[in-house]
Amino acid sequence: MNDQLLSIILTIITASTPLLLASIGELVVERSGVLNLGVEGMMAVGAVCGFGAALTTGSPLIGILAAIAAGVLLSLLFGFLTLTMISNQVATGLALTLLGLGLAGLIGESFVGQPGVKLQNLDIPVLSAIPFIGPILFGQDLLVYVSLAIVAGVSYVLFRTKTGLIIRAVGDSHQSAHALGYSVIGVRYLAVMFGGGCAGLAGGYLSLAYTPQWVENMTSGRGWIALALVVFASWLPWRLAIGAYLFGTITILGFSLQAIGIGIPSQLLSSLPYIVTILALVVISGNRALTRANTPACLGQPFVPDR
Amino acid sequence: MRLVLEKRAERSTRMALLSPLIAIVLTLVTGGIIFALRGLDPLAALYVYFIEPLTSSWSIEQLIVKATPLALIGAALGVSYLANVWNIGAEGQLTAGAIFGSIIPVYFPEMQTPLTLVLMLALGIIGGMAFGAIPAFLKNRFSANEILTSLMLVYVAQLILDWLVRGPWRDPQGYNFPKTISFTNWQTLPSFQVLPPSIGPLYVNLGAILAVLAAISLAFLMGRTLKGFELRVQGVAPRAGRFAGFSREKTVWFCFLLSGGLAGLAGICEVMSTVGQLQPGISPGYGFTAIIVAFLGRLNPIGALVAAFALAISYLGGESAQVALGISDKTARVFQGILLFYILACDSLILYRFKLIGLSAAPVESRA
């Protein structure tokens, strides 16, 4: 029983990490006032590039770097259109997702069915040998710790430093930030690139750690769930971490129930994360006080400086 | 010297018309470069991809078959987007329509009258509307973001379809394949000859005719009625819309029921013609490609009709390029994505224009 519980907890952590990585990046993007709906596309390209780079070099670390680079490159395309060309952010984000999914399918065609390179778990001697707690706290792969470190870092920077104040100022009132002499477009470019890197990393996590292989559409809506998580967490980093782990738990419980075979159709259990996402959005969005307090006031609005 | 965008005094009508054409040309140039990089003769490859689908009456029939769902959905999505209602779950509403309409042949396989046809199409529309009603209700009642809810429902619809055709609705004589019984006679769409054998012959099915009728009615709605004016005002100037007393809730309902219904119709038409039964994978992402159709068609119903053909060419060209050139048919989706990027970039030039600013001429902008 203990072993079973342990393995369930371990899979919950690996299922939650990609959601957390993708959504913490998008949280920073949205805090700066930009809505990038292309997370799903950047994740898909990150997954395929990470997989391919790891396969050709044999090194999962190079795979991770490739995944990040791919995410950043795609986000720059989004940034150029929405920030420099002042295009509609919703439509451009959708375009990024459509292009990303198409590109990933095309690039990954020759990778289908190939065995992947798996990112190994850290094995801190002595500590990871502690029964039960050891493997959970000290036996994860590197990116699990990285994801939590990013959350801590984002939380610190956003609310305890001047940089964070500038990012939030740009997101809450871009005209005031501009009048104070801050480069609204510059801050937003950096935020968008950070979000792209995180989304690419999340994709790389899927194809290098979660399931080390490439399957088309392997992101299966996780980028969209990440977007919903940001709303669910009302733009607060630690609440986001809790949300991501909650969603990971629900996904894995669905799978576990499927394995036990309790007579519920497997498709119904697979649709659980999507239905829960909708319910979470309903619960949070219905609470006006909570959302209004933290929603960046300029979210999704294009910035054109007054001349 | 640097290049900046400057707001135009008024929107440029010339750019509004030119933008999709420029976008298509840029996509073709990009495509040519991609082909050249892969060691193919770019002109020959582009010919196979984009011109060959127009050269025989058979391929034109195929083109119409693929353009039909795109036009049906794209026209309605354009209306929604114009009113600032972001339904991006048309793929799910398409699936729901296909499921609802298939109730008749699955449960009443013996029913074979013209009424069968009408009932199936009506149920398809109702299914799509019912599925579109969910995000509309959640938006109005709980202000839940309709982009995310409508998209999540796509996965739910596809999983329900998967469960049905593998479980309760599976054809008992189907050798365990995940599909329902094949639809026959009145359970399929009738075809009409629109061009005589001397020129064609060219056959189109009922779905294509419904798509043209839908686009014309929507164009009338948008251009000639108060409802159309109301929708456009809410898109361009939401505050003005509120002062005019236009109900935002009603607009959300209207847009989702309209686009959901037409997506459902597109879904049932697909299973009643091309597919011929209910099975997983009834659509190669028509509901998503229709988003591109809506933008390429200037969010105008008639424009969507034209744009649907452009996107249908990319589907068909993708198939023939796979056979003739050995290029993956996945290239088509990349082209579609690139096209949407170019359209959005060019659309900026409707409201803005490029301006070169010399360093000396720039006003004092230093951080004093």
Between B:Val236 and A:Thr163, what's the calculated FRET efficiency when r is the beta-carbon distance and R0 is 30 Å? Round to 0.05. 0.20
Go through B:Gly223, A:Thr17, B:Ile33 and say which Cα lies farthest out towards the positive end of the charge dipole of the protein assembly as shown; charges sit on Cβ, +1 for Lys and Arg, -1 for Asp and Glu. B:Gly223
Using a cut-off of under 20 Å, list every residue of the range A:179-209 whose amide N is near the label point 7 Å from the Cα of A:Thr84 along the Cα-to-beta-carbon line. A:183-197
If the cut-off is a Cα-Cα distance under 29 Å, which lysines reach B:Lys7, setting aside same-chain residues fewer than 8 apart in sequence? B:Lys355
Relative compactness, the range B:26-349, computed as alpha-carbon Rg over 2.2 N^0.38 Å: 1.02
Placing +1 on each Lys and Arg Cβ and -1 on each Asp and Glu Cβ in the range B:26-349, then taking the dipole about the Cα centre, the residue among B:Gly303, B:Phe177, B:Gly276 whose Cα reaches farthest towards the positive end is B:Gly303
Could you tell me the extents of the range A:210-307's C-alpha atoms along the three principal axes, largest first, rounded to whole Å? 63, 34, 22
Pairwise label distance in nanometres, B:Gln173 with B:Leu21, each label 7 Å out on the Cα-Cβ vector: 5.6
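Quick one: what do you get for chain A if you divide its Cα Rg by 2.2 N^0.38 Å? All intermediate terms of the calculation are to be shown ahead of the outcome.
On the way: Rg = 19.5 Å, N = 307, 2.2 N^0.38 = 19.4 Å.
This ratio for chain A stands at 1.00.
Would you rank B:Met272, A:Met218 by solvent-accessible area, highest first, keeping every protein chain in place and using a 1.4 Å probe?
On the way: B:Met272 0, A:Met218 25 Å².
Highest to lowest solvent-accessible surface, that is A:Met218, B:Met272.
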In Å, what Rg and Dmax follow from the Cα atoms of the protein assembly as shown? 25.4, 85
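Grab the Cα-Cα distance for B:Arg8 and B:Phe192, subtract it from 0.36 nm times how many residues apart they are, and report the gain in nm with one decimal.
Details: separation 184, 0.36 × 184 = 66.24 nm, distance 4.88 nm.
61.4 nm is the gain from fully extending B:Arg8 to B:Phe192.
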Of A:Leu236, A:Thr56, A:Cys198, which is farthest towards the positive pole of chain A's charge dipole, taken about the Cα centre with +1 and -1 on the beta-carbons of Lys, Arg and Asp, Glu respectively? A:Leu236
Under a point spin-label approximation (7 Å from Cα along Cα-to-Cβ), what is the A:Gln301-B:Leu37 distance to one decimal in nm? 3.8
Distance between modelled label sites at A:Thr291 and A:Ile242, nm, 7 Å Cα→Cβ extension: 1.9
Proportion of all alpha-carbon pairs of the range A:129-172 beyond 15 Å (%): 58
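At a Förster distance of 35 Å, what's the computed FRET efficiency of A:Leu268 paired with B:Ser143, Cβ-Cβ distance as r, to 0.05?
On the way: r = 28 Å, r/R0 = 0.79.
Calculated transfer efficiency: 0.80.
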Accessible area buried, both sides summed, chains A and B with 1.4 Å probe, Å²: 4000
Test of understanding: what is the full-extension gain from B:Leu115 to B:Phe354, defined as 0.36 nm times their sequence separation minus their Cα-Cα distance? 80.2 nm
Measuring from a point 7 Å past the Cα of A:Ile130 along Cα-to-C-beta, which residues in the range A:8-29 have an amide N at less than 18 Å? A:9-10
Counting other chain Cβ atoms within 10 Å of each Cβ in A:73-82 and taking the mean gives 1
Here the relative contact order (percent) of the range B:26-349, from C-alpha pairs under 8 Å and at least 6 apart, is 34
Solvent accessible area, Å² - B:Leu37, 1.4 Å probe, full protein context: 140
Starting at 0 and stepping by 5 Å, how many percent of the alpha carbon pairs of the range B:174-299 end up in each bin? 2, 8, 13, 17, 16, 14, 11, 8, 6, 4, 2, 0, 0
Applying 1/(1 + (r/R0)^6) with R0 = 41 Å to the Cβ-Cβ distance of B:Ala122 and A:Leu142, what FRET efficiency is obtained, to the nearest 0.05? 0.15
Helix axis angle, A:162-172 relative to chain A longest principal axis, alpha carbon, degrees: 70
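Work out how much length A:Ala179 to A:Ile8 would gain on full extension: take 0.36 nm times their residue separation and subtract the Cα-Cα distance, in nm to one decimal. Show your work: numbers first, answer last.
Working: separation 171, 0.36 × 171 = 61.56 nm, distance 5.24 nm.
Once the chain is fully extended between A:Ala179 and A:Ile8, it gains 56.3 nm.
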What stretch of chain B, leaving out the sites themselves, is the longest with no trypsin sites (Lys or Arg not before Pro) in a DSSP loop having at most 14 other Cβ atoms within 10 Å? B:39-366
What's the average, rounded to a whole number, of partner chain beta-carbon atoms within 10 Å of each residue's beta-carbon in B:340-347? 6
Magnitude of the Cβ-charge dipole (Lys and Arg +1, Asp and Glu -1) of the protein assembly as shown about the Cα centre, nearest 20 debye, reported as 2040
Residue-averaged beta-carbon neighbours from other chains (10 angstrom radius) around A:105-114: 2
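The values are calculated or read from the model by the stated rules, or taken from the named source; none is laboratory data. It should be emphasised that the depicted structure is a prediction, and the values quoted were computed from it without experimental measurement. In this analysis, Cβ positions are derived from the backbone assuming ideal geometry, glycine residues included, and neighbour counts consider all displayed protein chains. Protein only, heavy atoms only, side chains kept; ligands, DNA and RNA dropped before computing areas. Shrake-Rupley method; radii C 1.70, N 1.55, O 1.52, S 1.80 Å.
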